[in-house]
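Scroll down for the structure; my scribbles are underneath it.
The values are calculated or read from the model by the stated rules, or taken from the named source; none is laboratory data. Keep in mind the model is a prediction, meaning the values are calculated, not measured. Heads up, the Cβs are rebuilt from the backbone with ideal geometry, glycines too, and the neighbour counts pull from every protein chain shown. Surface areas here come from the heavy atoms of the whole protein model, side chains and all, with no ligands, DNA or RNA. Shrake-Rupley method; radii C 1.70, N 1.55, O 1.52, S 1.80 Å.
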Amino acid sequence: MSFTKINVAVAGVTNGLGHAIATELIANPSVNTVTLLTRASPSSPVPEVLKPLVKQGAIFQPVDYSSVEDITKVLQDVHAVISTMFTPSDITPAINLIDSAKAAGVKRFAPSEMAFSKEANYIIEDYKSKLPSGRR
């Protein structure tokens, strides 16, 4: 039986849970591409924290979370979106990401309930130190 490699986009990747998920997806042989969705402007350089992921093959993709059209274009040919955005005061970016995923025909969407607390990011960092060096 053969499997088709999938394309995954991860929102909220600059620290904590999203960064850890993107790191594991890049290492997963069943994943074709990992797209790192960020709020950076299109002319922004890759943030230092994401450079190791980009070196491993991830795609750095700034998006305008206020534009469903912009996000929809980015999500073309993406099979799954994993959102770990932390947006407690304005849920518009999260809603726009959901609407864009639907418009782009994304098959799976994992919402950001797990990233609801900034404290969760510190817990993830604590666990990272316990992983073998090749998996941090």
Spelling it out for VAL31: with amide H atoms placed in the peptide plane at 1.01 Å from N, the residues 5 or more places away or on another chain with amide H under 5 Å from its amide H are ILE6
Per residue solvent-accessible surface (Å²) - region 1-84, probe of 1.4 Å: 52 Å²
Would you please name the trypsin sites (Lys or Arg not before Pro) within region 1-64 that are DSSP coil residues with at most 13 other C-beta atoms within 10 Å of their C-beta? LYS5
For ILE59, which sequence-distant residues (separation of 5 or more, or a different chain) have an amide H within less than 5 Å of its own amide H, given hydrogens modelled in the peptide plane? VAL34, THR35, LEU36
Checking the a/c ratio against 1.5 first, then a/b against b/c, what shape does the Cα gyration tensor give for region 1-84? oblate
Extended-chain gain in nm, criterion 0.36 nm per residue less alpha-carbon gap, LYS55 and ALA103: 14.3 nm
Here, chymotrypsin sites (Phe, Trp or Tyr not before Pro) of region 1-92 satisfying both criteria (DSSP loop; at most 16 other Cβ within 10 Å) are PHE3
